[in-house]
Structure formats: C-alpha cells, structure tokens
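First comes the structure, then the notes that go with it.
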Amino acid sequence: MNQPRPPAKRKYGKGFQMTSSLLQRQIRTVGEKRGFAVTRLLTHWAEIAGPDVAGICRPVNVTYGRSNFGATLTLLTTGAQAPMLEMQKEKIREKVNACYGYAAIAKVRITQTAPTGFAEGQASFTHRPRDTAPPPDPEITATARAAVAPITDDSLRAALESLGRNVLNQKSRR
C-alpha cells in the first residue's frame with residue numbers, strides 16, 4: 001500500500017552565472033520601491049529618450065493609479081531646461097511606452113532642481129560618450145589578428161579578434 005518514494009534528485013550548478021542574473025532580484029526590489037517595474041528604463045535611459053533629452057533630464061519615479069494603468073513618469077531636470085523638456089513631453093511618453101511595450105505611461109511630470117545643493121537634490125545629467133575609449137595598441141591588434149588568421153568564417157574571425165584584443169588589453173593593463 002505504501003509505495004516507496006524515489007530518491008530526491010540533486011541539483012547541480014550549471015557553471016558560471018552572469019552577474020546581472022545574480023543581482024536581478026535585489027535590483028528589481030529597489031527599482032520597484034521607486035515604481036520602476038521595468039528597470040530597463042533606468043539602465044538604458046540615454047538610448048530610450050535619446051542623447052539630447054537624456055543630457056537634460058533623468059527618470060526619478062513612476063507612480064501608478066488605482067487601476068494600475070495610466071502611470072505618471074516623473075523626470076528630474078534643472079530649472080533652465082524645464083521649458084524645453086515641457087515641449088517634448090509627448091515624444092518622451094511615446095518612447096517610454098515603446099520601451100514598456102504598451103501604453104503604461106499616461107502622463108509625464110517634470111520636477112525641477114538646482115544643479116548643486118543638498119545631496120538628494122543634486123542633478124547630474126551628463127552621460128559618458130560611448131566611443132571615448134583610447135585607440136587600441138597596434139601591437140596588440142596585430143597579435144590578435146595573427147592568432148585568428150586561419151579561421152575562414154568572417155564574422156567568427158572578427159568576433160574572436162575582438163575578444164583577443166580585449167583579453168590582451170586587460171593583461172597589458174595589469
């Protein structure tokens with residue numbers, strides 16, 4: 001009558017995990033406290049809003065209404081940039097809704113602050129330009145190119161050459 005239970009399966013690790021997967025739960029809880037259910041809005045703000053808009057403002061808060069639709073996105077900017085941003089509110093709302101995948105944001109609210117002052121109110125909107133890396137060392141580039149020369153697939157060869165340059169750059173910095 002009593003059937004024996006099968007032995008419990010042991011779970012084995014599958015190797016290394018990406019750091020983002022290890023920290024995803026903590027990042028999500030911190031983001032949700034501010035209303036950011038989708039953290040991509042924070043991490044990729046310059047790509048979503050565009051570099052000109054991201055240079056003058058940043059997202060601070062998302063508040064949801066009682067029906068969970070029609071949220072309000074709060075943007076932080078300086079007083080001088082607020083009128084410029086006010087004219088672009090509809091475009092910003094459309095871009096953010098495209099990030100969410102549906103019409104999650106109904107209103108965009110602009111909050112102004114001084115660029116200096118109390119620690120919480122300090123606004124820094126400058127983003128590091130993407131292509132500011134120093135040019136690669138020609139010797140490292142030649143070494144990486146020589147190492148992948150026998151590979152016939154162009155895309156694989158380019159990817160491995162880039163990886164080789166990065167590894168050799170890291171070794172030379174240490």
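Filter the range 43-94 down to residues that are in a strand (DSSP E or B) and among the hydroxyl-bearing types (Ser, Thr, Tyr) and give me whichever is farthest from residue 107 (Cα to Cα).
My answer is 78.
Which members of the range 121-138 meet the condition of being surrounded by 10 or more Cβ atoms within 10 Å (Cβ to Cβ) and either over 30 Å from residue 158 (Cα atoms) or at pLDDT 60 or above (or both)?
Residues of the range 121-138 that are surrounded by 10 or more Cβ atoms within 10 Å (Cβ to Cβ), as a first pass: 121-123, 125, 127, 136-137.
Across the range 121-138, the qualifying residues are 121, 122, 123, 125, 136, 137.
Say whether the condition of being assigned by TED's automatic domain parsing to the domain that holds residue 59, in a helix (DSSP H, G or I), of a type outside the set (Asp, Glu) and at pLDDT 60 or above is met by at least one residue in the range 101-120.
Looking for residues that are assigned by TED's automatic domain parsing to the domain that holds residue 59, in a helix (DSSP H, G or I), of a type outside the set (Asp, Glu) and at pLDDT 60 or above, one finds none in the range 101-120, hence no.
Could you check how many residues of the range 44-94 are loosely packed, with under 13 Cβ neighbours inside 10 Å, of a type in the set (Gly, Ala, Ser) and at pLDDT 85 or above?
Final tally of qualifying residues: 0.
Please specify each residue of the range 59-100 satisfying the condition of being in contact (Cβ under 8 Å) with a residue 60 or more places away in the chain and on the phi > 0 side of the Ramachandran plot.
none
The values are calculated or read from the model by the stated rules, or taken from the named source; none is laboratory data. On a predicted model such as this, the values are computed, not experimentally measured, just so you know. Here Cβ is always computed from backbone atoms with ideal geometry, including for glycine, and neighbour counts include all displayed protein chains.
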